[in-house]
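Bear in mind these aren't lab numbers, they're just calculated from the coordinates by the rules spelled out. As the structure is a computational prediction, the values presented were derived from the model and not from experiment. Cβ atoms come from the backbone with ideal geometry, glycine included; neighbour counts cover every protein chain shown.
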Amino acid sequence: MDTLGAIVGPATALLLLPLVGHHHPALFALTLIPGWLGSNAVLFWRA
């Protein structure tokens, strides 16, 4: 899964970069959403 994330993450960033007009702060803000969802899923799955 780590290798998959290392491939999918940058590929997704390359696809999203033109959509946000090459505005890097907006791209980083968008990456917070799946990270937040994933961490919450792990927290709730453990409980």
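List of remarks:
- Cβ-Cβ contacts under 7 Å between residues 6 or more apart (or on different chains), taken from a first residue in the range 1-19 that is surrounded by 10 or more Cβ atoms within 10 Å (Cβ to Cβ) to a second residue that is part of a helix (DSSP H, G or I), are listed as Ala13/Leu27; Leu16/Leu27; Leu16/Leu30; Leu17/Leu27.
- When restricted to residues that are part of a loop (DSSP other than H, G, I, E, B) and either out of contact with any Leu (no Cβ under 9 Å at 6 or more places or on another chain) or among the aliphatic types (A, V, I, L, M) (or both), the range 21-47 contains 3.
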